[in-house]
Structures are given as C-alpha cells and as structure tokens.
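Asks: The structure is given below, and queries will be raised subsequently.
The numbers here are math on the coordinates, done by the rules we state, and not lab data. Here the structure is a predicted model, which means the values were calculated and not measured. Backbone-built Cβ (ideal geometry, glycine too); neighbour counts: all protein chains shown.
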Amino acid sequence: MSGPMSSSRGRLAAAGAALVVVGGAAGFGLAHLGPARSSPPLAAPPAGGGHRVLYWYDPMVPAQHFDKPGKSPMGMDMVPRYAESGGSTGEDTGVRITPAAEQNLGVRLATVQRGDVAPTVDAVGVIDFDLRDVAIVQARSAGFVQRVYARAPGDVVRAGAPIVDLLIPAWGGAQAEFLAVKRTGDLALIAAARERLRLLGMPEAMIAAVERSGRARGVVTISTPIGGAIQTLGVRAGMTVGAGATLAQISGLSTVWLNAAVPEIQAGLVRVGQAARVDVAAFPGQTFGGRVTAILPTAQADSRTLTARVELPNRGDRLRPGMFATAHLGGQSEPALLVPSEAVIQTGKRAIVMVAQAGGRYQPVDVEVGRQAGNETQILAGLAEGQKVVASGQFLLDSEATLAGIQARPLDTGPGR
C-alpha cells in the first residue's frame with residue numbers, strides 16, 4: 001500500500017515543481033515585456049533629435065513651469081516645451097502662426113511712430129448767467145410809484161428800457177430852487193444849486209433837461225442800464241419806496257457761463273485761459289468758441305468732479321441759461337510715441353501689446369501707457385519707434401500665447417525703456 005501512495009505523491013510533487021517553473025518563467029517574461037510595450041518617457045525628445053526641452057508645463061495651467069517631468073499639482077501629466085516652439089529667450093520668441101492662420105485671424109499690423117499728442121477733456125455742464133454782468137436798479141431817493149411798465153420776471157429787455165415812473169417830491173422842490181437861483185445870474189450860487197441836485201441822486205441827463213426847459217420835473221422814469229433778462233421786479237403801482245430800495249435786477253445775456261464738470265482725474269489738464277470748443281444740444285452741428293475763466297476751488301464730493309467755468313460770447317442771445325452743453329478742452333501738445341488705441345490690451349493692472357517679429361512670430365510685451373488723443377495712445381515704456389504691433393486680431397494671438405505658456409516681455413527689458 002505504501003508503494004502506490006509513494007508513487008502518487010511523487011507525481012504531485014513533480015507537477016508542483018513544473019507549475020513553479022512555468023510561473024517563474026511567465027513572471028520573468030512579463031517583467032521584460034512590460035517596459036518594451038509602454039510609451040517612451042515624457043522626457044524623451046521627439047523623433048529627429050536635436051530638440052532642447054525648455055521646461056515642462058501643465059496644459060491646463062500653461063503659465064506654471066517645471067524643470068522635471070511628472071504629475072502637475074492638478075494631477076495632470078506634464079508636457080514638454082521645446083526650444084523651437086517659441087519659449088527661448090532670444091529674439092526668435094513668441095507664438096508662431098502660419099500665413100493662412102494670419103489671414104483667417106484677420107491680423108492687421110501698425111507701426112509704432114512718433115507724433116504729437118494733445119489730450120482732450122470732454123466735460124458736460126449747464127449754461128448759466130454771467131454773474132459778473134448784473135445790474136441792480138434802485139430808487140436814489142424816496143418817492144411814490146406812479147407807473148410800472150409792462151414788465152415781468154423773465155422778460156428780455158434792451159438797454160434803456162423803462163421800468164417804472166417815480167414821483168420824488170424832494171427832487172421837485174430842489175429843481176424849483178435851482179431854477180430860481182439860475183435866474184439871479186450868480187454863477188457861484190448856480191453851481192452850488194446844481195451840486196445839490198447831484199447829491200440828491202438826480203441823473204445828469206435830468207439836470208440838463210431841467211436847465212434847458214426851465215421847468216421842474218418831479219416825476220422820473222427809471223430805466224435799465226443794460227440789456228438782459230429781468231430776474232426780479234419788486235414794485236407795483238401806488239407803492240411807496242425809500243431811498244436805496246431795489247426796484248429790479250437785470251442779468252445780462254451778452255455773455256454766458258458754462259459750468260462744466262471736469263472729472264477729478266483729469267483736472268490737471270485744465271487751466272485758466274484755455275480755449276474751449278462747446279457743443280450745445282439745442283444746436284446740433286454747430287460749435288461755439290469760449291475760454292476757461294475760472295476753476296472753482298471746491299470739488300463735488302458725490303461726483304468727484306471740479307467745475308470749470310467757460311465764458312461764451314452770446315451773439316443773438318441764442319444761448320439760454322439752463323441749456324445742456326459739452327465743452328471740449330484741448331490740452332497742450334507734446335511729442336510722444338504713439339500706437340493705435342485698439343492695439344493695447346488692457347488687463348486691469350497691466351497693458352499688453354502684441355509685437356510682430358520675424359518668421360511669423362508674435363511676442364506679448366508689457367507696456368506703460370500714457371495719455372490718449374483721438375484713436376491713438378501714448379506709450380511711455382516698452383516699445384521703440386518703428387516696431388510693428390498687432391492692431392487687429394491681437395486678442396486671439398494673446399490667448400494663443402497664454403495657452404502656449406509664453407510670458408509677456410517685462411518692461412525693464414523692453415527696447416523702449
């Protein structure tokens with residue numbers, strides 16, 4: 001019985017040994033076949049050789065650069081950026097596109113050139129009366145209102161228009177005395193009587209009329225000394241007025257003021273004496289010329305604006321207080337480096353321009369911008385005269401450069417610095 005059992009055990013041992021040998025051989029074969037079937041490492045250059053890896057980056061975050069292959073912080077496999085792809089630090093940098101792609105993107109170039117920039121401040125405002133051209137009509141002596149002419153506040157009158165007739169008893173008695181003294185022929189007394197009429201407030205024209213006619217005139221017509229709009233009229237027929245009482249107030253219309261609101265950030269571009277072109281909404285297509293006569297010392301806290309007072313000649317009384325208008329205040333011209341405003345990409349804290357290079361490459365460049373004049377922007381740093389910049393299609397090129405991980409050239413290395 002031991003014989004058959006020993007024989008069976010021997011066969012089982014031999015089979016187990018054979019399985020071990022087969023398993024080992026299989027493991028050895030898998031260990032050698034695995035690397036042979038896997039893809040080449042990411043660090044390996046593409047076919048053809050001679051390509052230098054500049055850095056490794058995550059396609060999802062191309063702005064992050066790494067010096068070794070592997071997994072990015074986001075868990076993505078990093079890919080290499082080779083020297084011929086536009087990541088070198090020499091002149092041949094930037095994103096490269098084919099002529100066909102340029103045509104499809106509508107790329108249009110402009111030349112950086114020098115010119116004169118004269119910044120313009122556009123300020124809106126409301127036309128007002130010229131408060132320096134105001135006449136106050138007063139009674140020079142106490143009297144009674146005999147007649148008020150057909151006037152009302154808001155009426156526009158000419159210079160010399162009658163306002164009111166006043167009966168002044170004191171003037172009538174003084175005129176009678178003057179005429180009596182004049183008949184005596186005493187020049188000294190006549191001169192003293194005439195001076196008394198002046199001291200009573202009688203106008204020279206009225207004294208001369210009394211002297212010519214030889215009759216006393218106790219009623220005097222008060223007229224407006226200037227033409228303009230009646231602001232106040234405080235008399236009615238039958239009233240008693242005292243010496244110095246205000247009868248009317250007249251605001252002239254020969255000149256008007258435009259109180260224009262200048263943004264606080266542009267206040268440094270406005271100065272007294274500066275010429276102004278004014279567009280009035282009531283007269284489209286017409287421009288009125290004026291001059292800045294004052295910049296009020298107080299800023300408006302709610303709108304953060306300063307008030308520039310523009311004085312305008314008002315020929316024909318066409319400009320009326322209360323009209324809306326826009327003042328165009330031209331600044332002093334100065335030489336500057338200019339590019340089309342559409343070529344500048346504003347990103348909030350930075351301004352970027354796409355510069356065209358040889359071989360169909362485009363490099364984003366940080367620039368420092370200054371004033372704007374019309375459709376041109378002043379470049380303070382970052383560019384040089386004669387360079388070509390992208391004026392159309394630059395946003396797509398900038399997006400392509402961002403995806404490719406190409407950094408904008410900083411200001412301190414720019415040729416215009």
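Asks: Identify all lysines with a Cα-Cα distance to K182 below 18 Å; exclude those on the same chain that are fewer than 8 residues away in sequence.
Replies: K182 reaches no qualifying lysines.
Asks: Here's a follow-up. What ³J(HN,Hα) values, in whole Hz, does the Karplus curve 6.51 cos²θ - 1.76 cosθ + 1.60 give for region 206-221 when θ = phi - 60°, with x put for Gly and Pro?
Replies: Values, residue by residue: 6, 4, 5, 5, 5, 5, 6, 7, x, 10, 6, 10, x, 9, 10, 9 Hz.
Asks: What nm distance separates the two modelled labels at T232 and V156, each placed 7 Å from Cα along Cα→Cβ?
Replies: Each label point lies 7 Å from its Cα, and together they span 2.4 nm.
Asks: Just flag the trypsin sites (Lys or Arg not before Pro) in region 226-315 sitting in loop per DSSP whose Cβ has no more than 16 other Cβ atoms within 10 Å.
Replies: Sites meeting the loop and neighbour criteria: R236, R271, R304.
Asks: On to the next question. Would you please give the residues with an amide H less than 5 Å from that of A384, counting only those at least 5 places away or on a separate chain, with H modeled from the backbone geometry?
Replies: When sequence neighbours closer than 5 places are left aside, the close amide H contacts are G416.
Asks: What FRET efficiency do you get for A205 and E334 if R0 is 41 Å and r is their Cβ-Cβ distance, rounded to the nearest 0.05? Kindly include the intermediate steps, with their values, before the conclusion.
Replies: On the way: r = 57 Å, r/R0 = 1.39.
E(calc), rounded to 0.05, equals 0.10.
Asks: Let me ask you something else. Within a Cβ distance under 15 Å of G252, other residues only, what is the Lys/Arg minus Asp/Glu net charge? Walk me through the numbers on the way to the answer.
Replies: Values: positive: R132, R158, R315, R318, R320; negative: D128, D130, D133, D155, E311, D317.
So the surrounding residues net to -1.
Asks: Here's another thing I want to ask about it. Give me K68, K388 ranked fewest to most by other Cβ atoms within 10 Å of their Cβ, as a rough exposure proxy. Walk me through the intermediate numbers first.
Replies: Numbers: K68 9, K388 14.
Taking fewest neighbouring Cβ atoms as first place, the list is K68, K388.
Asks: Could I have the simple spin-label model distance between D67 and R318, label points 7 Å from Cα toward Cβ, reported in nm to one decimal?
Replies: 7.4 nm
Asks: With a 10 Å Cβ neighbour count serving as the proxy for reagent exposure, in which order, fewest first, do Y57, Y149 appear? It would help to have the intermediate numbers written out before the result.
Replies: Numbers: Y57 21, Y149 14.
Fewest to most other Cβ atoms nearby, the residues stand as Y149, Y57.
Asks: Give the peptides 350-357, 170-177 in descending order of average Cβ contacts within 10 Å, highest first. Kindly include the intermediate steps, with their values, before the conclusion.
Replies: Values: 350-357: 21.8, 170-177: 17.1.
My ranking of the peptides, most packed first, is 350-357, 170-177.
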